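What follows is a set of notes on a single structure, which appears directly below.
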Amino acid sequence: MLIISCNHVTGSLAPDNKPVAYCESGETIKFETRDCYDDRLMADGTLLDPQNTLSNPATGPLYVGGAHPGDILKVEIQEIALKSTGIMQALPGAGAFGEMLPREHVQEFTIADEGISFGESLKLPLRPMIGVIGTAPEESSISTHIPGNHGGNMDCTRVTQGSALYLPVNVPGALLSMGDLHAVMGDGEVLICGMETGGTVTVKVTVLNDVSLPVPCLVSDDIFCTIQSATDLDHASCDASKVMLRFIQERTGMDTASCGMLLSLAGNLIICQIVNPQKTVRMELSTEILQSLGVELP
Ligand code: CA
Ligand code: CA
């Protein structure tokens, strides 16, 4: 299996990023990733070699042969393996509690199969997920801190083992990168971080031609989600709802009022994160409903 070392990291998803690895559609690849602090944040709060630290690094990009602009890249997440330690950083001025934090606070945790011990009596089960995963945007370079239609820093808890994420192909080869693993994170990521850690992610990448999907979107368990990011949650919420509505309308011909009724009854809006430069919301709908409507996913 092709393995992409975490020596190959980038701080942006960009059309002119030089590929660090090549594969063909249908191949399985393992990405080694650093944590969002570039593996340099120590338990005492000091940063090793701060001048050379890359913030929120993503491993890649991977060039997928046969991926052309207009195609869709299906990324099936087969396995996420985590390191044995995780770290969190509470930062004054950041996240929902920023003005309540007088100083930075860093804490390291042990990640074990049975979960993460939090204090004396709490054990939090692992829910490994990928915070940053995306393809290159068409023109500009986008920081790995920012989510968008190319994917990026979506911090969506459903980007996890067993899920299939669909991303746009904007440039030849798609240029897939990923990083920012979390051992566990609550929807919203209210402090500013999840249980930040490094590890490996094994994915199968498949190029889909002549397919129309509201990317970025994903299938996880029996749920289909559209994922949208915008300057605020109001806009991200409406966008995630509208792309779901238009997708169902395209496939079924359902009128707007009826489709709106369906989504108002059975679609669930979930906040992915409120802490990045753009906020991310997903709309979830059961795949059983899509199947009942005759909508098949590739
Ligand atoms: Ca993140
Ligand atoms: Ca993170």
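Tally up the residues in region 1-34 that are within 17 Å of Ile77 (Cβ to Cβ) and of a type in the set (Asp, Glu), please. So that I can check it myself, show each step before the final result.
Within region 1-34, the subset within 17 Å of Ile77 (Cβ to Cβ) is 1-4, 23, 25-33.
Now restrict to residues that are of a type in the set (Asp, Glu): 27, 32.
The number of residues fulfilling the criteria is 2.
May I ask you to list the residues in region 255-283 that are surrounded by fewer than 20 Cβ atoms within 10 Å (Cβ to Cβ), free of Cβ contacts under 8 Å to residues at least 24 places away in the same chain and of a type outside the set (D, E, K, R)?
Scanning region 255-283 gives Thr256, Ala257, Ser258, Gly260, Met261, Leu263, Ser264, Leu265, Ala266, Asn268.
Considering only region 27-57, state which residues are farther than 16 Å from Lys83 by Cα and in a strand (DSSP E or B).
Thr28, Ile29, Leu47
Any residue at all in region 225-247 that's over 25 Å from Pro137 (Cβ atoms) and either within 16 Å of ligand 2 (Cβ to nearest atom) or β-branched (Val, Ile, Thr) (or both)? It would help to see each step written out before you state the result.
Of the residues in region 225-247, the ones over 25 Å from Pro137 (Cβ atoms) are none.
No.
Scan region 143-156 and give yes if some residue there is within 12 Å of ligand 1 (Cβ to nearest atom), surrounded by fewer than 24 Cβ atoms within 10 Å (Cβ to Cβ), in contact (Cβ under 8 Å) with a residue 12 or more places away in the chain and more than 24 Å from Val20 (Cα to Cα), otherwise no.
Checking region 143-156: not a single residue is within 12 Å of ligand 1 (Cβ to nearest atom), surrounded by fewer than 24 Cβ atoms within 10 Å (Cβ to Cβ), in contact (Cβ under 8 Å) with a residue 12 or more places away in the chain and more than 24 Å from Val20 (Cα to Cα).
I'd like the full set of residues that are more than 13 Å from Gln278 (Cβ to Cβ) and either within 13 Å of ligand 2 (Cβ to nearest atom) or at pLDDT below 95 (or both), limited to region 139-155.
Here is the first cut: in region 139-155, the residues more than 13 Å from Gln278 (Cβ to Cβ) are 139-141.
Within region 139-155, Glu139, Ser140 meet the criteria.
Among the residues of region 83-131, write down those that are surrounded by fewer than 11 Cβ atoms within 10 Å (Cβ to Cβ) and at positive phi.
Gly93, Gly119 - these are the residues of region 83-131 that are surrounded by fewer than 11 Cβ atoms within 10 Å (Cβ to Cβ) and at positive phi.
When only residues in region 32-44 that are closer than 19 Å to His182 by Cα and more than 16 Å from ligand 1 (Cβ to nearest atom) count, which is nearest to the chain's Cα centre (by Cα)? Walk me through how you get there before you give the answer.
Filtering region 32-44 down to residues closer than 19 Å to His182 by Cα leaves 32-43.
From the residues that got through so far, the ones that are more than 16 Å from ligand 1 (Cβ to nearest atom) too are 32, 40, 42-43.
Details: Glu32: 16, Arg40: 22, Met42: 25, Ala43: 26 Å.
So, considering only residues that are closer than 19 Å to His182 by Cα and more than 16 Å from ligand 1 (Cβ to nearest atom), the one nearest to the chain's Cα centre (by Cα) is Glu32.
Within region 284-294, how many residues are touching a residue at least 12 places away in the same chain (Cβ under 8 Å) and either in a helix (DSSP H, G or I) or closer than 20 Å to Glu76 by Cα (or both)?
Of region 284-294, the ones touching a residue at least 12 places away in the same chain (Cβ under 8 Å) are 284-290, 293-294.
Subsequent filtering for residues that are either in a helix (DSSP H, G or I) or closer than 20 Å to Glu76 by Cα (or both) retains 284-290.
Residues in region 284-294 being touching a residue at least 12 places away in the same chain (Cβ under 8 Å) and either in a helix (DSSP H, G or I) or closer than 20 Å to Glu76 by Cα (or both): 7 in total.
Would you check which residues across region 65-76 are over 18 Å from Ser163 (Cβ atoms) and surrounded by 24 or more Cβ atoms within 10 Å (Cβ to Cβ) and list them?
First pass over region 65-76, keeping only residues over 18 Å from Ser163 (Cβ atoms): 65-71.
Answer for region 65-76, where residues must be over 18 Å from Ser163 (Cβ atoms) and surrounded by 24 or more Cβ atoms within 10 Å (Cβ to Cβ): just Ala67.
Which condition breaks for Gly70 when tested against (1) touching a residue at least 12 places away in the same chain (Cβ under 8 Å); (2) over 27 Å from Ser212 (Cβ atoms)?
Unmet for Gly70, out of (1) touching a residue at least 12 places away in the same chain (Cβ under 8 Å); (2) over 27 Å from Ser212 (Cβ atoms): (2).
Pairs under 9 Å by beta carbon, first residue under 14 Å from Gly11 (Cα atoms) and of a type in the set (Ser, Thr, Tyr) in region 44-60, partner modelled with pLDDT under 95 and surrounded by 12 or more Cβ atoms within 10 Å (Cβ to Cβ), six or more apart or different chains?
Thr53/Leu47
Among Gly173, Gly179, which is the only one that is under 15 Å from the mean Cα position of the chain (by Cα) and not hydroxyl-bearing (Ser, Thr, Tyr)? Give the derivation first.
Working: Gly173 fails: under 15 Å from the mean Cα position of the chain (by Cα).
Checking each option against the conditions leaves just Gly179.
Of the residues Val184, Val201, which is farther than 30 Å from Glu99 by Cα, within 16 Å of ligand 2 (Cβ to nearest atom) and under 14 Å from the mean Cα position of the chain (by Cα)?
None of the other options fit; the residue is Val201.
Only one of Leu269, Leu265, Leu297 is in a loop (DSSP other than H, G, I, E, B), away from ligand 2 (no atom under 16 Å from the Cβ) and at negative phi; which?
Working: Leu269 fails: in a loop (DSSP other than H, G, I, E, B); Leu265 fails: in a loop (DSSP other than H, G, I, E, B).
On inspection, the qualifying residue turns out to be Leu297.
Would you tally the residues in region 159-181 being more than 13 Å from ligand 2 (Cβ to nearest atom), crowded, with 24+ Cβ neighbours inside 10 Å and within 22 Å of Cys36 (Cα to Cα)?
Within region 159-181, residues that are more than 13 Å from ligand 2 (Cβ to nearest atom), crowded, with 24+ Cβ neighbours inside 10 Å and within 22 Å of Cys36 (Cα to Cα) number 5.
The values are calculated or read from the model by the stated rules, or taken from the named source; none is laboratory data. From a predicted model like this one, the values you see are computed outputs, not experimental measurements. Every residue, glycine among them, receives a Cβ derived from its backbone with ideal geometry; neighbour counts consider all protein chains shown.
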